[in-house]
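Only the coordinates and a few stated rules stand behind these numbers; no lab work does. Worth saying up front: this structure is predicted, and the values here are computed from it rather than measured. Cβ coordinates were reconstructed from backbone atoms using ideal geometry, including for glycine residues, and neighbour counts include every protein chain displayed.
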Amino acid sequence: MSRIKLDSRLSMVASLVREGSVTADIGTDHAYLLCYLIQNNICPEGIAADLRKGPLDNARQTVIDCGISDKVELILSDGLQNVPENSADDIVMAGMGGILISEIIEKAKWVYNEKINIIAQPMTHAEVLRRFFCENGFRIRKEKTATDGKRFYVALSAVYTGEKYNMPESYYYLGELLENRDEITRKYIDKLIFTLEKKLAAQKSAGVEDMEFLEKLIDEIKMKVTEVYG
Ligand SMILES: C[S@@+](CC[C@H](N)C(=O)[O-])C[C@H]1O[C@@H](n2cnc3c(N)ncnc32)[C@H](O)[C@@H]1O
């Protein structure tokens, strides 16, 4: 019987899942996350869903190897489309882009429900996802960061409240990260600033005229970071 060990990225995601929740892992691929949650009694059962047959076959194999076939439903599905309504308490979307994650949520109105915990781990465009949450009535509850030594990752949990917000632009880049005072988050933010400054420098050398938006955004982010970290 296999026992699943998670890397730092998926451990971060697992730590945002509520104990006792039936969890749907959308874009599951190998289903390591869901199998780990069930093997460690964090979740009693769950759904592993993927758009493509190959990844879903990988998931099936992991589930069999872990001896938990009776606890996992495998569903071929574009996002949440074939996942039955109200079949999960926690919904995880990890390892996909922030734009795709926003689109998956947007198409599944049953997750606009205050009882459902949405956990997202965007590999790109986290700022698009945060904006989506704010503009569509979701509140971001918590954010976490992780690193594997080379890359930095972010994961966030959100819940529907129905209240829509317009936040300052910097919020869409920092979210709730400034609530964390740990070293990895600090490095994640430093890297974010570095990436934005590189983009600004590239625009300057390309002779782009209107850089005010990006300059203002970088200043705003730096100011918020200084307020917290000094
Ligand atoms: C990089 S893997 C991430 C696997 C795992 N969630 C993780 O974080 O390690 C992305 C997975 O998302 C699946 N995927 C892509 N678009 C999808 C969609 N619209 N609906 C469901 N799954 C999707 C892919 O087939 C692939 O298996």
Region 184-229: C-alpha gyration tensor shape, a/c 1.5 cut-off, then a/b vs b/c:
oblate
Calculate the translational D of region 50-103 in whole µm² s⁻¹ from Stokes-Einstein, where the hydrodynamic radius comes from the Kirkwood formula applied to all Cα pairs, the temperature is 25 °C and the viscosity 0.890 mPa s.
196 µm²/s
Plugging the Cβ-Cβ distance of residue 200 and residue 70 into 1/(1 + (r/R0)^6) at R0 = 45 Å yields, to the nearest 0.05, a FRET efficiency of 0.25
Sorted from largest down, what three extents in whole angstroms do the Cα atoms of the chain have along their principal axes?
58, 37, 33
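Please order 60, 3 by the number of other Cβ within 10 Å, starting at the fewest.
By the 10 Å Cβ count, ascending, the order reads 3, 60.
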Estimated distance in nm for a label pair at residue 106 and residue 208, the labels positioned 7 Å out from Cα along Cα-to-Cβ:
2.2 nm
Longest principal axis of the chain (C-alpha) makes with the long axis of helix 183-205 (C-alpha) an angle, in degrees to the nearest 10, of 50 degrees
Quick shape summary for region 17-60, equivalent ellipsoid via Cα gyration tensor, semi-axes whole Å in descending order, reads 19, 9, 6
Can you give me the Cα centroid spacing of region 163-189 and region 19-77 in angstrom?
30 Å
Assuming 0.36 nm per residue, please report the length gained on full extension of the stretch residue 148 to residue 124 beyond their Cα-Cα distance.
7.0 nm
Count the DSSP beta bridges whose two residues both fall in the chain, then state the antiparallel fraction as a percent rounded to the nearest 5.
40 percent
Nearest 20 debye, what's the magnitude of the dipole of the chain about its Cα centre given +1 on Lys and Arg Cβ and -1 on Asp and Glu Cβ?
420 debye
Nonlocal amide H pairs with residue 136, under 5 Å, H built at 1.01 Å
165
Can you give me the distance in nm between label points at residue 113 and residue 52, each placed 7 Å from the Cα along the Cα-to-Cβ direction?
3.0 nm
Could you work out how far apart the two model spin labels at residue 164 and residue 190 are, taking each label as a point 7 Å from the Cα in the direction of the beta carbon, and quote it in nm?
4.0 nm
Along the dipole axis of region 8-166 (charges at Cβ: +1 for Lys and Arg, -1 for Asp and Glu; origin at the Cα centre), the most positive-end residue among 129, 55, 93 is 129
Treating only the Cβ atoms of Lys and Arg (+1) and Asp and Glu (-1) as charged, compute the dipole magnitude of region 184-229 about its Cα centre; round to the nearest 20 debye.
360 debye
